1. How big is the charge dipole of the chain about its Cα centre, in debye rounded to the nearest 20, if each Lys and Arg gets +1 on its Cβ and each Asp and Glu gets -1 on its Cβ?
2. Can you tell me how segment 7-52 classifies by the Cα gyration tensor, rounded, prolate or oblate, using a/c under 1.5 as the rounded cut?
3. May I ask you to derive the FRET efficiency for ARG59 and LEU34 from their Cβ-Cβ distance with R0 = 30 Å, giving the value to the nearest 0.05?
4. What's the longest bit of the chain with no exposed GluC sites (Glu not before Pro), using DSSP loop states and at most 14 other Cβ atoms within 10 Å as the test?
5. Can you tally the net charge around VAL164? Count Lys and Arg as +1, Asp and Glu as -1, for every other residue whose Cβ sits under 12 Å from the Cβ of VAL164.
6. Could you point to the label whose value was computed as mean projected area of the Cα convex hull in nm² for the structure here, given (i) 12.2; (ii) 18.7; (iii) 10.0?
7. Under a 5 Å amide H to amide H cut-off, with H placed in plane at 1.01 Å, what residues pair with SER162 once short-range neighbours are removed?
8. Before anything else, pin down the relative contact order of segment 7-52: Cα pairs under 8 Å, at least 6 apart, normalised by residue count, whole percent.
Amino acid sequence: MMRQPGIAGVHTVTSSNSMRYAFRVSKNPETRLLLLLQGIAWMAQFRHLLSPEKDNDIRITEFEQIDLAGSEETATESILQSVSANRYTAAQQAYSYEKQFETSQTLLQASRHLVFLKMREHHQMKWPAAIFEDYSLVSPEYRPHLLATSMYYLRGEGHPNSTVTERAIDELARA
């Protein structure tokens, strides 16, 4: 997603999330094996779609921790402002946020809130939902990386509210 933001990156996350969920709830070993094989096949297909010629050379493994000044709330506000202006900066901050505030859910909760306010089409809901659902399943050492990549498709504070949100706000103001 960081190298090639777009639909193929979205579907790598949402597909693996759905396969993981189906695998977890299935009791049939053959079905689970089929889901595992399907997941591998889809990831190979997505890798083909995300060809190296298009890479912009961003490497999440090269992120270094930066000190985020202030509280979790202050850092969260800064990150969600950065999402709208510079996703790389937001990703760097989110990576550092997870390292600095480890068990905090403040950024995830604020990000979830923005999904409902800002999303304009269904992929802007599906992708963060998959990231947020899988977050707790990822090893703690890799959570900073997952949180950083989530900034590449999230809509931040600077993005306009969705039309539906604006209509609801207008209706509530008249009530």
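1. On the way: 18 positive and 20 negative charges, 148 e Å.
Value, rounded to 20: 720 debye.
2. Numbers: a/c = 5.31, a/b = 2.05, b/c = 2.59.
Judged from the Cα gyration tensor, segment 7-52 comes out oblate (a/c at least 1.5, b/c at or above a/b).
3. Working: r = 34 Å, r/R0 = 1.13.
That gives a FRET efficiency of 0.35.
4. Here the longest run is 1-63.
5. Values: positive: LYS118, ARG120, ARG167; negative: GLU121, GLU166, ASP170, GLU171.
Around VAL164, the charge tally is -1.
6. (i)
7. The answer is LYS118, MET119.
8. Details: 23 pairs, mean separation 23.4, N = 46.
Taking the mean separation of contacting Cα pairs over the length of segment 7-52, I get 51 percent.
None of the figures in this text is laboratory data; all of them are computed from the coordinates on show. Just so it is clear, the structure is predicted and the values come from calculations on it, not from any experiment. Neighbour counts run over all protein chains shown; Cβ positions are idealised from the backbone, glycine included.
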